[in-house]
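Student: Quick one: structure below, then a few questions.
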Amino acid sequence: MIIKPKVRGFICTNAHPVGCAKNVEEQIAFIKSQSFPQGNGKPKNVLIVGSSTGYGLASRITAAYGYGANTLGVFFEKPPTEKRTASAGFYNAAAFDARAKADGMYSESFNGDAFSNECKQQVIEKIKTDMGQVDLVIYSLASPRRTDPNTGETFNSTLKPIGKSYTAKNLNTDTQKISDITIEAANDEEIANTIKVMGGEDWEMWLDALSAAGVLAEGCKTSAYTYIGDQLTKPIYGDATIGKAKEDLDTSAEILTAKLSALGGEARVSVLKAVVTQASSAIPVMPLYLSILFKEMKSEGTHEGCIEQLARLYAECLYVDKPRLDDVGRFRVDELELRRGLQEKIEKIWQEVTEENLHDLTDFKAYQAEFLRLFGFGISDVDYDADVDTLIEADFFAVTTD
Ligand code: NAD
């Protein structure tokens, strides 16, 4: 099959297996080029929930190639068929798995619904058989919906402001038109549902299940990821429905730390910077904000993507004597994005940007390129006119239900 990107709005409905594999290779090469001091412990057996794309994939690569850790990944991705390519995450995970195994590392993966009880139980059985215990659990799920495994009820998350509607500049990434959009305020049910999907309940359920099965090692750490942002993104992120769900993670971190204290372990929320991922491209305001952010951080020499952020999260927070913590005990690696001087510049550009000066005042081209890279497109040394085998095989475990 010859594969060209099929982009519809903020979604690309296909993926390029060779490009995705190259993307994974580049992240591995970056991690291998960094040093990871190991004086303050290191991850040995790591479970990553949401390990196929974005921050979860970078978490897995850093654990494996920064510290030589065994990794067990969980994700929900579409395998290829005769007619359709797999989802990007499937190809990423297959590429990681093949490379890690070729390099003599332990790498196994479950493809199924991480919110289900069956997934948790089957992962636990695998840990018991292969690893014994895990010492790091990364929780990096981003999902628009969740079925509560105990009631069978499905909840949808929303991206809406709270209290009052919000009008802001928005960039249509297909047409490159900038126009105001108004997003109505969420009602109480929408807020509660977003917390149900993206809050800490499932993170706690994972840790409770792992703990009950006795598969958490002494000193086990766990982290879930959040974004906080500043003035421009607060109305649609930090102070909005998703922000409420993320606040719930802080409560879960406290509860989990109390539970893990018997093992000398801890749970912390990690605050990461804004990057282009499948999850963030769906958030209104974000594409324009990221296009400005990229231009400014690149010109400062501080631009980072998922893998650079994760390298710093491990080396400067997770496995270091004095981690960078905020006043509520979260790990912080978003400090370069949030510097006031930088945010002021971005706020000024935000006021000035129009369709006419989009390419002068922002790096929309870099945003678009990063977006396409998520699906394996636009990567150097990949021949996109070549006929490629899309039916990549991977020995992922499917989550089985009775
Ligand atoms: P992403 O869309 O790239 O990755 C989501 C992952 O979750 C994928 O591996 C996917 O397969 C998995 N997943 C989704 N539903 C699942 C299910 N039901 N069962 C199993 N796996 C499932 O997202 P991302 O942007 O890397 O987000 C990961 C975390 O990082 C989220 O908590 C997000 O809020 C946070 N974060 C993101 C940004 C950003 O700018 N993208 C910034 C800070 C924090």
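The values are calculated or read from the model by the stated rules, or taken from the named source; none is laboratory data. Worth saying up front: this structure is predicted, and the values here are computed from it rather than measured. Using ideal geometry, Cβ is built from the backbone for each residue, glycine included, and neighbour counts are taken over all protein chains shown.
Student: Going by the structure shown, is D389 modelled with pLDDT under 95 and not β-branched (V, I, T)?
Tutor: For D389, the condition - modelled with pLDDT under 95 and not β-branched (V, I, T) - is not met.
Student: If you don't mind, another one. Which residue, of I61, I28, I11, is surrounded by fewer than 19 Cβ atoms within 10 Å (Cβ to Cβ) and either under 29 Å from K120 (Cβ atoms) or within 16 Å of the ligand (Cβ to nearest atom) (or both)?
Tutor: I11
Student: Let me ask something else. For E108, all conditions in the list (1) surrounded by 16 or more Cβ atoms within 10 Å (Cβ to Cβ); (2) acidic (D, E); (3) within 19 Å of I191 (Cβ to Cβ) hold save one; what is the number of the exception?
Tutor: The one condition E108 does not meet is (3).
Student: Continuing with the same structure: Would you check which residues across segment 251-299 are on the phi < 0 side of the Ramachandran plot, in a loop (DSSP other than H, G, I, E, B) and in contact with a strand residue (DSSP E or B) (Cβ under 7 Å, 6 or more places away or on another chain) and list them?
Tutor: Scanning segment 251-299 gives G265, L272, P284.
Student: Of all the residues that make up segment 39-58, how many are within 18 Å of A217 (Cα to Cα) and surrounded by fewer than 24 Cβ atoms within 10 Å (Cβ to Cβ)?
Tutor: Qualifying residue count for the region: 5.
Student: Here's something else I'd like to know. Quick test for you: out of S299, S281, S291, pick the one residue that is hydroxyl-bearing (S, T, Y) and within 13 Å of the ligand (Cβ to nearest atom).
Tutor: After applying the criteria, what remains is S281.
Student: Got at least one residue in segment 315-329 being crowded, with 20+ Cβ neighbours inside 10 Å, within 23 Å of the chain's Cα centre (by Cα) and among the charged types (D, E, K, R)?
Tutor: No; the residues of segment 315-329 include none that is crowded, with 20+ Cβ neighbours inside 10 Å, within 23 Å of the chain's Cα centre (by Cα) and among the charged types (D, E, K, R).
Student: Kindly provide the set of residues from segment 278-291 that are surrounded by fewer than 23 Cβ atoms within 10 Å (Cβ to Cβ) and among the polar types (S, T, N, Q), ordered by number.
Tutor: Within segment 278-291, Q278, S280, S281 meet the criteria.
Student: Taking segment 113-135, which residues are more than 16 Å from the ligand (Cβ to nearest atom), surrounded by 14 or more Cβ atoms within 10 Å (Cβ to Cβ) and not in a helix (DSSP H, G or I)?
Tutor: Result: Q133, V134, D135.
Student: Here is a further query. Which fully enclosed helices (runs of 4 or more DSSP H) of segment 311-378 have 3 or more residues being under 25 Å from S52 (Cα atoms) and among the aliphatic types (A, V, I, L, M)?
Tutor: 364-373
Student: Any idea which residue in segment 222-251 is nearest to I195 (Cα to Cα), counting only those that are surrounded by 23 or more Cβ atoms within 10 Å (Cβ to Cβ), away from the ligand (no atom under 12 Å from the Cβ) and modelled with pLDDT of 95 or more?
Tutor: Checking each candidate, the answer is T241.
Student: Sticking with this structure for a sec: Out of D188, D208, I need the residue that is free of Cβ contacts under 8 Å to residues at least 60 places away in the same chain, touching a helix residue (DSSP H, G or I) at 6+ places or on another chain (Cβ under 9 Å) and either farther than 30 Å from H359 by Cβ or surrounded by 22 or more Cβ atoms within 10 Å (Cβ to Cβ) (or both). Which one?
Tutor: D208
Student: Conditions first: (1) within 26 Å of T257 (Cβ to Cβ); (2) within 15 Å of the ligand (Cβ to nearest atom); (3) modelled with pLDDT under 95. V333 passes all but one, so which condition is the exception?
Tutor: (3)
Student: Next up: Picking from K83, K44, which residue would you name as being in contact (Cβ under 8 Å) with a residue 60 or more places away in the chain, more than 10 Å from the ligand (Cβ to nearest atom) and of a type in the set (K, R)?
Tutor: Answer to the check: K44.
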